[in-house]
Amino acid sequence: MAKIIVVHTGKEGEVLDNEQIKDKAEELGIIFGCKQGRCGTCRSTVLEGMENLFEKNDREINMGLEGNERLICQCKIKSGVVKIKQF
């Protein structure tokens, strides 16, 4: 079981390994618009655990995200802990 921590809400929750994190992240306070990687509303910074997420996909790359920026609607977690903060 993997864990997501949303810093700006102070909430955390568990997600199955190798699963999308968007549903749990929404429960924990991440704000979403389209949930399809088009609007950028869920753009966040991964503060810890970037290595625990699968690599950025084409939608994230095409949006020009750099470094530890991710679209939470596009993230899948491998395992471990990921700490995020929404812009």
Review point. Checking GLY10 against (1) surrounded by 15 or more Cβ atoms within 10 Å (Cβ to Cβ); (2) closer than 11 Å to LYS83 by Cα, which test does it fail?
Key: (1)
Check your understanding: Can you spot a residue in region 46-68 that is buried (at least 16 other Cβ atoms within 10 Å of the Cβ), of a type outside the set (Lys, Arg) and part of a strand (DSSP E or B)?
Key -> yes
Review point. Going by the structure shown, is ILE4 among the β-branched types (Val, Ile, Thr), under 12 Å from the mean Cα position of the chain (by Cα) and not in a loop (DSSP other than H, G, I, E, B)?
Key: yes
Revision key, fill the gap. Within region 14-39, residues within 14 Å of CYS75 (Cβ to Cβ), outside any helix (DSSP H, G or I) and not aliphatic (A, V, I, L, M) come out as ASP17, ASN18, GLU19, GLN20, PHE32, LYS35, GLN36, GLY37
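Looking only at residues in region 24-45 that are farther than 18 Å from VAL7 by Cβ and of a type outside the set (Gly, Ala, Ser), which one is surrounded by the most Cβ atoms within 10 Å (Cβ to Cβ)?
As a first pass, look at region 24-45 and keep what is farther than 18 Å from VAL7 by Cβ: 33-40.
From the residues that got through so far, the ones that are of a type outside the set (Gly, Ala, Ser) too are 34-36, 38-39.
Working: CYS34: 11, LYS35: 17, GLN36: 11, ARG38: 13, CYS39: 14.
Once the filter is applied, the top-ranked residue is LYS35.
Based on this model, can you work out whether ARG70 counts as among the charged types (D, E, K, R), touching a residue at least 24 places away in the same chain (Cβ under 8 Å) and either touching a strand residue (DSSP E or B) at 6+ places or on another chain (Cβ under 7 Å) or under 19 Å from LEU16 (Cα atoms) (or both)? Before the answer, list the steps.
Values: among the charged types (D, E, K, R): yes; touching a residue at least 24 places away in the same chain (Cβ under 8 Å): yes; either touching a strand residue (DSSP E or B) at 6+ places or on another chain (Cβ under 7 Å) or under 19 Å from LEU16 (Cα atoms) (or both): yes.
Here the answer is yes, as ARG70 does meet what is asked.
Computed from the coordinates by the stated procedures, all read-outs in this text should not be read as laboratory data. All of these numbers come straight from a predicted model, not from anything done at the bench. For neighbour counting, all protein chains shown are included, and Cβ atoms are generated from backbone atoms with ideal geometry for every residue, glycine included.
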